[in-house]
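Accompanying notes for the structure given below.
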């Protein structure tokens, strides 16, 4: 019988089982890592799309803020670059890219189209403003704003009724 010194070990009867087990574990860990990365990319896309949708909504809202902040009191005086129908028989007026906001570096530009449709000519005193029925003629329009984010498919549609006061 062969004698072994204390510093040498007898030959092992294992046939590479540890290598096979470690390779299987490595494959499982790799698959889990790839799944986690894929989920992270999907979550990022969802977040960016939601942000673009919110930006499009804000563009449409800013259109209305600018529209309602304009001093339109004289029928001959119109807002800069605003086309509005003059009576109920006129077709709706489209104002392409009426609102524009240039994005800062790394942010997209925002635009909004505004369509004005004539609804009615209110009799003097029909509408109340701040609780007071004034003896003035009011022209009521339906305003549609379509907010867009450049280089994306994000769109938002907002609608409101706008009353223009005429003397």
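Evaluate the following for residue 73: is it over 18 Å from residue 144 (Cβ atoms), out of contact with any helix residue (DSSP H, G or I) (no Cβ under 7 Å at 6 or more places or on another chain) and at pLDDT below 90? Talk me through it step by step, then tell me what you get.
Details: over 18 Å from residue 144 (Cβ atoms): yes; out of contact with any helix residue (DSSP H, G or I) (no Cβ under 7 Å at 6 or more places or on another chain): yes; at pLDDT below 90: yes.
Yes: the conditions hold for residue 73.
Within the range 120-139, which residues are buried (at least 16 other Cβ atoms within 10 Å of the Cβ) and closer than 30 Å to residue 56 by Cα? Result: 139, single match.
The values are calculated or read from the model by the stated rules, or taken from the named source; none is laboratory data. Since this is a predicted model, take the numbers as computed values, not measurements. Ideal geometry is used to build each Cβ from the backbone, glycine not excepted, and the neighbour counts take in all protein chains shown.
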